[in-house]
Amino acid sequence: MLFFALVDLVFPADCAGCDRPGEGLICARCRAVLAELRPVAARPTPAPPGLPGCVAVGSYDGALRDWLLAYKERGAHRLAVPLGAALARAVTAAVGDPRQPVALVAIPSTFAAARQRHGDHMARMTRHAVRQIRATGRPAVLVPALRACPKADSSHLDAAARARAAASAFRVRSRSAGRLATVQRAGAAVVLVDDIVTTGATLAAAADVLARAGVRVCAAATIAATVRRFVGTSHLLRVSESAR
C-alpha cells in the first residue's frame with residue numbers, strides 16, 4: 001500500500017468517479033460523496049424465492065458504477081478501502097441490533113475470474129469491511145464458507161436464466177461452514193455480501209446452499225443495486241451528478 005501511495009504522489013491517476021485528472025483513483029470530493037451515501041433496502045421485482053432482505057449503498061449508475069468497474073475490472077485494487085467502508089455501512093444497516101456480532105460470507109469469484117482480476121475482489125473488499133466494522137466495537141469476521149463453481153458469463157441472461165445458472169453456482173466448504181454454524185449458534189448474524197444485486201438469483205442461491213448446510217442467512221448487503229429491476233428505487237442515491 002505504501003508503494004502505491006508513493007506512485008500516486010509521483011504519477012497521480014485520474015479519478016475513477018469524475019475523471020478529474022491527476023487526482024488519484026478517487027478524488028477528495030468523490031471520496032466524500034461515497035462516504036455520505038446511506039444504505040437503503042433494495043429488492044428486485046420479482047424477487048426469487050429464498051432471497052434474504054437486501055440492503056444496497058446506492059444505485060448501479062454514475063460514479064458508483066465507475067468505481068466498481070475500475071476496482072473489479074481494471075485492477076484499481078486500492079478502491080477496496082473506500083468501497084469496503086461503504087460495504088461496512090450496508091452490513092450495519094442490514095443487521096438491526098448494533099451490538100450483534102456479524103459473520104460475513106462474501107460471494108466468491110470463480111478460479112478463472114480471480115486469476116484474471118489478480119485475486120478475489122469481494123474477499124479483498126470484505127476484509128476491509130470487517131476492519132471497519134470492528135473499529136466501531138462490533139465483533140465481525142469473514143468466513144469463506146462458499147466455493148464458486150466454474151460458470152459461463154451471465155451478463156446477457158434474463159432473470160429466469162440467471163436463476164437456473166445460479167442454482168448450481170456454489171458449493172459449501174465443509175470446515176468453514178461448520179465454523180460459520182458455530183459462530184451463528186453463539187449469536188452472530190450471518191450476512192451475505194456482494195458487489196451488485198441485479199435479479200437476486202445469486203444471493204438467493206448462496207443462501208439456499210448455506211441453509212442446506214445448516215446455516216441461516218439473516219440478510220444480504222451490497223454496494224449497488226441495478227435500478228431498472230427494482231420498484232420504488234428512486235430513493236436509491238444517484239451519485240453521478242453529485243460526484244461531478
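The values are calculated or read from the model by the stated rules, or taken from the named source; none is laboratory data. From a predicted model like this one, the values you see are computed outputs, not experimental measurements. Glycine also receives a Cβ, built like all others from the backbone with ideal geometry; neighbour counts cover every protein chain displayed.
Every residue, every condition in (1) touching a Cys at 6+ places or on another chain (Cβ under 8 Å); (2) over 24 Å from Ala63 (Cα atoms), yes or no:
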{"residue": "Val191", "(1), (2)": "yes, yes"}
{"residue": "Val197", "(1), (2)": "yes, no"}
{"residue": "Asp208", "(1), (2)": "no, yes"}
{"residue": "Arg212", "(1), (2)": "no, yes"}
{"residue": "Val215", "(1), (2)": "no, yes"}
{"residue": "Ala219", "(1), (2)": "yes, yes"}
{"residue": "Thr226", "(1), (2)": "no, no"}
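I need the full set of residues from segment 60-101 which are among the charged types (D, E, K, R) and either over 23 Å from Cys18 (Cα atoms) or assigned to a helix (DSSP H, G or I) (or both), in order please.
Arg65, Asp66, Lys72, Glu73, Arg78, Arg89, Asp97, Arg99
From the list Asp120, Asp66, which residue is among the acidic types (Asp, Glu) and touching an Asp or Glu at 6+ places or on another chain (Cβ under 9 Å)?
Asp66
Any idea which residue in segment 125-153 is farthest from the chain's Cα centre (by Cα), counting only those that are at pLDDT below 90 and closer than 23 Å to Ala76 by Cβ?
Taking the candidates together, the pick is Asp153.
Across segment 177-192, which residue is nearest to Cys218 (Cα to Cα) among those that are touching a residue at least 24 places away in the same chain (Cβ under 8 Å) and surrounded by fewer than 18 Cβ atoms within 10 Å (Cβ to Cβ)?
So, considering only residues that are touching a residue at least 24 places away in the same chain (Cβ under 8 Å) and surrounded by fewer than 18 Cβ atoms within 10 Å (Cβ to Cβ), the one nearest to Cys218 (Cα to Cα) is Gly187.
Inside segment 116-145, can you point out the residues that are in a helix (DSSP H, G or I) and of a type outside the set (A, V, I, L, M)?
Gln116, His121, Arg124, Thr126, Arg127, His128, Arg131, Gln132, Arg134
What single numbered condition from (1) under 30 Å from Gln100 (Cα atoms); (2) of a type in the set (Asp, Glu); (3) at pLDDT below 90 fails to hold for Glu241?
Here Glu241 meets the rest and fails (1).
Can you go through Ala148, Ala123 and tell me which one is free of Cβ contacts under 8 Å to residues at least 40 places away in the same chain and among the small types (Gly, Ala, Ser)?
Sole residue among the options that is free of Cβ contacts under 8 Å to residues at least 40 places away in the same chain and among the small types (Gly, Ala, Ser): Ala123.
Where the second residue is surrounded by fewer than 23 Cβ atoms within 10 Å (Cβ to Cβ) and of a type in the set (Gly, Ala, Ser) and the first is within 15 Å of Thr92 (Cβ to Cβ) and lies in segment 30-45, which pairs have Cβ atoms under 6 Å and are six or more apart or on separate chains?
Correct list of pairs: Pro39/Ala93.
Does Val55 fit the bill of being outside any helix (DSSP H, G or I) and among the hydrophobic types (A, V, I, L, M, F, W, C)?
Considered against the rule, which asks whether it is outside any helix (DSSP H, G or I) and among the hydrophobic types (A, V, I, L, M, F, W, C), Val55 comes out as yes.
Where the second residue is among the aromatic types (Phe, Trp, Tyr) and the first is closer than 15 Å to Thr222 by Cα and lies in segment 72-100, which pairs have Cβ atoms under 8 Å and are six or more apart or on separate chains?
Close Cβ pairs satisfying both conditions: Ala80/Tyr71; Pro82/Trp67; Leu83/Trp67; Leu83/Tyr71.
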